[in-house]
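**Q** If you scroll down you'll find the structure; I have some questions about it.
The values are calculated or read from the model by the stated rules, or taken from the named source; none is laboratory data. Predicted, not measured: the structure shown is a model, and the values here were computed from it. Neighbour counts are summed over all protein chains in view; Cβ atoms, including those assigned to glycine, are modelled from backbone coordinates with ideal geometry. Calculation scope for accessible area: heavy atoms of the full protein, side chains included, ligands and nucleic acids excluded. Shrake-Rupley method; radii C 1.70, N 1.55, O 1.52, S 1.80 Å.
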Amino acid sequence: MSVYGEPVPMKELAERVASYVHLCTLYCWLRPFGCGVILGGYDREAPQLYMVEPSGISYRYFGAAIGKGKQAAKTEIEKLKLSEMTCREGVIEVAKIIYKVHDEAKDKAFELEMSWVCDESKKQHEKVPDALLEEAKAAARAALEEMDAN
């Protein structure tokens, strides 16, 4: 996206989305949004991550989780040293977290799909390469089996 030939700053995009979401909570003839949104991108060579809540509030994060199991996922994210990780390492750690917080007894089966915005993707949103995704799935399953063995 661009305005006047310049990319829209992530903060501005998050604030505008949040304003629109909040607007829908103000009037009785509009249905409020029932979901949150995570927005990620680059601003002046620095990665940015924002989460917009259904109430219309937006926050900037280093790591965020949304949906079922978000509290357990946030706890695991907080244990990571995100500023010291490469994007490839982050993909593997995120896969481990997703597998860890998924409760097979209560939750439906899932298929892990991942995308990223990083230097390796030329700062464009794209799917994680299949080889890396398979490596992440294998590492996540191994970590889960190790946790179950203990």
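**Q** Hey, with R₀ at 25 Å, roughly what FRET efficiency would residue 30 and residue 8 work out to, going by the Cβ-Cβ distance, to 0.05?
**A** Calculated transfer efficiency: 0.55.
**Q** What nm distance separates the two modelled labels at residue 124 and residue 103, each placed 7 Å from Cα along Cα→Cβ?
**A** According to this spin-label approximation, the distance is 4.1 nm.
**Q** Taking only the Cα atoms of region 1-66, how large is their convex hull per residue, in Å³?
**A** 80 Å³
**Q** Okay, moving on. Taking every pair of distinct Cα atoms and averaging 1/r, then inverting, what Kirkwood hydrodynamic radius in Å comes out for region 33-136?
**A** 14.9 Å
**Q** Residue by residue, what Karplus-based ³J(HN,Hα) values in Hz, rounded to whole numbers, does region 50-55 have, using 6.51, -1.76 and 1.60 with θ = phi - 60° and x for Gly and Pro?
**A** 10, 10, 9, 8, x, 6
**Q** How far, in degrees from 0 to 90, does helix 10-26 lean away from the longest principal axis of the Cα atoms of the chain, to the nearest 10?
**A** 70 degrees
**Q** Before I look further, what does the chain give for accessible area per residue, probe 1.4 Å, in whole square angstrom?
**A** Accessible surface, normalised per residue, equals 72 Å².
**Q** Which distance in nm do the two modelled labels at residue 62 and residue 46 give, with both placed 7 Å along the Cα-to-Cβ direction?
**A** The modelled label-to-label distance comes out at 1.4 nm.
**Q** I'd like the FRET efficiency for residue 89 and residue 148, computed as 1/(1 + (r/R0)^6) with the beta carbon distance as r and R0 of 30 Å, rounded to 0.05.
**A** Computed FRET efficiency for residue 89 and residue 148: 0.80.
**Q** Where does region 78-122 land on the Kirkwood hydrodynamic radius, alpha-carbon pairs, in angstrom?
**A** For region 78-122, inverting the mean 1/r across all distinct Cα pairs yields 12.2 Å.
**Q** For region 103-133 and region 17-90, what is the separation of their Cα centres, given in Å?
**A** Computed from Cα coordinates, the inter-centre distance equals 16 Å.
**Q** Here's another thing I want to ask about it. Which whole-number percent gives the relative contact order of the chain, counting Cα pairs below 8 Å spaced six or more residues apart?
**A** Contact order relative to length: 17 percent.
**Q** Would you mind telling me the share, in percent, of accessible area of the chain contributed by carbon and sulfur at probe 1.4 angstrom?
**A** Here carbon and sulfur together make up 54 percent of the probe-accessible area.
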